[in-house]
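Okay, so here's the structure we're looking at.
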Amino acid sequence: MSKITFQNISGKAKSEWEALQNSVYILVGAATCGRAAGALDVIEAFEKELSRQGLEASIIQVGCIGLCHAEPLVIISKPGSMRVAYANVDPDTVRRLVEGYVAGDDPCLELALGTLEAEAGEAAYIPEVSRFEHERRLILGRCGYLDPENIHHYIADGGYGGLDKALKMPPDAIVEELRKCGLRGRGGAGFPAHRKWESCLKAKGLPKYVICNADEGDPGAFMDRVILESDPHQVIEGMIIAGYVVGAEKGYIYVRAEYPLAIERIEIALRQARDVGLLGDDILGSGFGFDIDITAGAGAFVSGEATALVAAMEGRRSEPRIRPPRLAEAGLWSQPTLLNNVKTFAYVPGIIERGADWFGSIGTEGSRGTAVFTLAGKVANPGLTEVPMGTTLRQLVYDIGGGIAKDKQFKGVQIGGPSGGCLPESLLDVPIDYDSLREAGSMMGSGGMIVMDEDNCTVDAARFFLDFSTRESCGKCTMCRLGTPQMLHILEDITAGRASMSDLDLVLTLAEDVKAGSLCGLGRTAPNPVLTTLRYFRDEYEAHIRDKCCPAKVCTELIVYHILPDRCDRACEHCVLTCPTEAIKGGKGEVKVIDQEKCSKCGTCLEVCPPEYDAVVKLSPVSALPAPEPAKRRSKK
């Protein structure tokens, strides 16, 4: 049997890739976001239209390029012609695209988002989309452009070149590269990656294990899912390099079961890597053997904590334990274990391939490289982005996210998920790095970012995130088990207008106690949303308590719905017919009136009131409610 070499593998991959480039092919964004927007229907429409016209073209399901608001996103490539990207494609526009560009010379620019360009050594981009000017895509560079279910596409683009180079280096030299480049773990804590790797390398005992933490549980976060759905091989390559460095023969990807597409594509990627000799015994003739399995998690947020994750993998209750010993000394089945996040492993191949200086030249002094964020909430263009460390929040929200949707006023941004904090408009120019965010009372976290506008109540937002942390607590620590629910009860009283000013001091005291008395990061960071909203939005808390008023008109107990008599069209029955509690009185020819005792404050009346009348309003406080006009019939003229 001939020896498997990287040159043989890459040669075959490049031949296949060149053949594809000399043909017509259609890329369809079919990650979870694309499928939710109708990508599978678009694919079916392309198949039918190509068959109807007797045309030859490859349809490739790719991942997400980060423009989730533009899905389904389609890219059409023709030899000798420009590659054109089309946003929000639906089955009705497919015939126009096939007739115009697949079969003809009309690129249908009136439907186009832009054209694809790529500079040497850099990720492809769409110059017509201004957000790409502010991004630097190191680990999102292939997402949405290469087939995640074809290993040859990854290899042809330089994939597994870092592994080939690493297998010719001594392990301690690779650790030194990680130290020089300044890579910090992207799971949230920002612990220097080289220190983990070095500890596991020096740890005594065999076997050793490598674990990829893909248990992404933050509300509004989907970075890891997109990477695994769009470019799983770079994570696998990083894990193989890690296994080689620490001396492990087995790796596991712990991914939540709620990510079925990610699991499916990882399975395909692992099978293909084994088939070409990049997993298994004697990888590339190095004498090093390594393989990876998948462990599907049950979706507990606490399983994102390293020791709790290991407990879950061992079949025990998912709860953290005291450290030391650290996982590098006694992890999975009490053996030395290296555990890193999806993004951390994804950076490693590029660092080895291009060198520590390349990665270290990006970002800030204490936070090297790039950061991957999800933009969710009230931002105009939600999606995924990768920017150099040191990029400001303002650039993220306005230059990349397109500003606030519907021209509303920016209020704040919750960064770092439920463990992070809510930062106000005055901090929009804070650079995004580990130290700056920590000084502001927040944290980098895993990269979730939820933007809030003038219609959001920061007190209610803090209550939401605290409710999440309370529900997800494993209950092991007394302060987390009892302290977070008590904090939640206080916030519920505040949002209901039942609290007193002394409750603010009490919740601050509880927050400090929970931070100090909790074992793991979930408990220690659970108070952050409360602490930051109190720090930057205290006036909203005081309005809820002192004035019994929710300035944003969000908190149900502190608002009232009212119908303006002079704007109500007496012939309209929309609100009456849709009110679930039959709280709206008045028939045709009568002014409608809401019975406040029956009103459940669901807001349906506001949603269904025709915009030309705009007769339903939310008011706060209740004391400002004008006296309702009794139902009466319109006089006949």
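Side notes on the structure shown:
- Every pair of residues 6+ apart whose Cβ atoms lie under 8 Å, when the first sits in the range 18-31 and is within 13 Å of Arg83 (Cβ to Cβ) while the second is among the aliphatic types (A, V, I, L, M) and assigned to a helix (DSSP H, G or I): Val24/Val102; Ile26/Val102
- Conditions (1) modelled with pLDDT of 95 or more; (2) closer than 26 Å to Gly187 by Cα; (3) surrounded by fewer than 18 Cβ atoms within 10 Å (Cβ to Cβ): number failed by Ala516: (1)
- Ala356 vs. criteria under 21 Å from Cys68 (Cα atoms) and in contact (Cβ under 8 Å) with a residue 24 or more places away in the chain: no
- Failed condition for Ser10, given (1) outside any helix (DSSP H, G or I); (2) at pLDDT below 95; (3) crowded, with 17+ Cβ neighbours inside 10 Å; (4) not aliphatic (A, V, I, L, M): (1)
- Among the residues making up the range 151-175, a single one is without any contact (Cβ under 8 Å) to a residue 24 or more places away in the chain and part of a helix (DSSP H, G or I): Ala173.
- Per the conditions (1) surrounded by fewer than 15 Cβ atoms within 10 Å (Cβ to Cβ); (2) of a type in the set (Gly, Ala, Ser); (3) touching a residue at least 24 places away in the same chain (Cβ under 8 Å), the sole criterion not satisfied by Gly280 is (3).
- Residue within the range 32-44 that is within 18 Å of Cys143 (Cα to Cα) and in contact with a Lys or Arg (Cβ under 8 Å, 6 or more places away or on another chain) present: yes
- Subset of the range 428-459 [surrounded by fewer than 22 Cβ atoms within 10 Å (Cβ to Cβ), in a helix (DSSP H, G or I) and either within 18 Å of the chain's Cα centre (by Cα) or touching a residue at least 12 places away in the same chain (Cβ under 8 Å) (or both)]: Tyr434, Asp435
- The test for being within 28 Å of Ser426 (Cα to Cα), in contact with a helix residue (DSSP H, G or I) (Cβ under 8 Å, 6 or more places away or on another chain) and assigned by TED's automatic domain parsing to the domain that holds Ser426 does not hold for Ser469.
- Looking only at the range 585-602, residues that are surrounded by 14 or more Cβ atoms within 10 Å (Cβ to Cβ) and either out of contact with any helix residue (DSSP H, G or I) (no Cβ under 9 Å at 6 or more places or on another chain) or within 30 Å of Asp493 (Cβ to Cβ) (or both) come to 8 in all.
- Per-region count, the range 458-486, residues of a type in the set (A, V, I, L, M, F, W, C), under 21 Å from Gly416 (Cα atoms) and touching an Asp or Glu at 6+ places or on another chain (Cβ under 7 Å): 2
- Residue match in the range 21-32 (condition: at pLDDT below 95 and among the aromatic types (Phe, Trp, Tyr)): no
- Any hit, the range 50-68, residues being in a loop (DSSP other than H, G, I, E, B) and without any contact (Cβ under 8 Å) to a residue 40 or more places away in the chain: yes
- Test: Gly497 is in a loop (DSSP other than H, G, I, E, B), in contact with a helix residue (DSSP H, G or I) (Cβ under 7 Å, 6 or more places away or on another chain) and surrounded by fewer than 20 Cβ atoms within 10 Å (Cβ to Cβ): yes
- Lys208 falls short on exactly one of the conditions (1) of a type outside the set (Phe, Trp, Tyr); (2) in contact with a Pro (Cβ under 7 Å, 6 or more places away or on another chain); (3) over 18 Å from Asp293 (Cβ atoms), and that condition is (3).
- The criterion of being touching a residue at least 24 places away in the same chain (Cβ under 8 Å), under 23 Å from Leu375 (Cα atoms), assigned by TED's automatic domain parsing to the domain that holds Ile283 and in contact with a Cys (Cβ under 9 Å, 6 or more places away or on another chain) holds for Asp231.
- Positions within the range 283-313 being hydrophobic (A, V, I, L, M, F, W, C), farther than 21 Å from Asn8 by Cα and surrounded by fewer than 19 Cβ atoms within 10 Å (Cβ to Cβ), in sequence order: Ile294, Ala296, Ala298
- Some residue of the range 550-557 being in a loop (DSSP other than H, G, I, E, B), among the basic types (Lys, Arg), modelled with pLDDT of 90 or more and not assigned by TED's automatic domain parsing to the domain that holds Ala496: yes
- Subset of the range 530-558 [under 17 Å from Asp453 (Cβ atoms) and surrounded by 20 or more Cβ atoms within 10 Å (Cβ to Cβ)]: Thr533, Tyr536, Phe537, Glu540, Cys550, Ala552, Cys555
- Condition check for Thr344: closer than 21 Å to Ser419 by Cβ and assigned by TED's automatic domain parsing to the domain that holds Ala221: yes
- Residue in the range 203-215 that is modelled with pLDDT under 95 and of a type in the set (Asp, Glu) present: yes
- For the range 504-541, filtered to residues that are more than 26 Å from Leu427 (Cβ to Cβ) and assigned to a helix (DSSP H, G or I), the residue that is farthest from the chain's Cα centre (by Cα) is Leu506.
- Test result for Pro621, modelled with pLDDT under 90 and surrounded by 14 or more Cβ atoms within 10 Å (Cβ to Cβ): yes
- Tally of residues being in contact with a Lys or Arg (Cβ under 9 Å, 6 or more places away or on another chain) and under 19 Å from Glu216 (Cβ atoms) across the range 435-450: 4
- Among (1) under 28 Å from Gly383 (Cα atoms); (2) among the hydroxyl-bearing types (Ser, Thr, Tyr); (3) in contact with an Asp or Glu (Cβ under 8 Å, 6 or more places away or on another chain), the one test that Ser23 misses: (1)
- Across the range 78-103, the qualifying residues are those that are surrounded by 21 or more Cβ atoms within 10 Å (Cβ to Cβ) and among the hydroxyl-bearing types (Ser, Thr, Tyr), and the one among them that is farthest from Glu47 (Cα to Cα) is Tyr86.
- Complete set of residues in the range 472-502 that are modelled with pLDDT of 95 or more, under 27 Å from the mean Cα position of the chain (by Cα) and farther than 17 Å from Thr533 by Cα: Pro485
The values are calculated or read from the model by the stated rules, or taken from the named source; none is laboratory data. All of these numbers come straight from a predicted model, not from anything done at the bench. Counting neighbours? That spans all protein chains shown, and the Cβs are built from the backbone with ideal geometry, glycine included.
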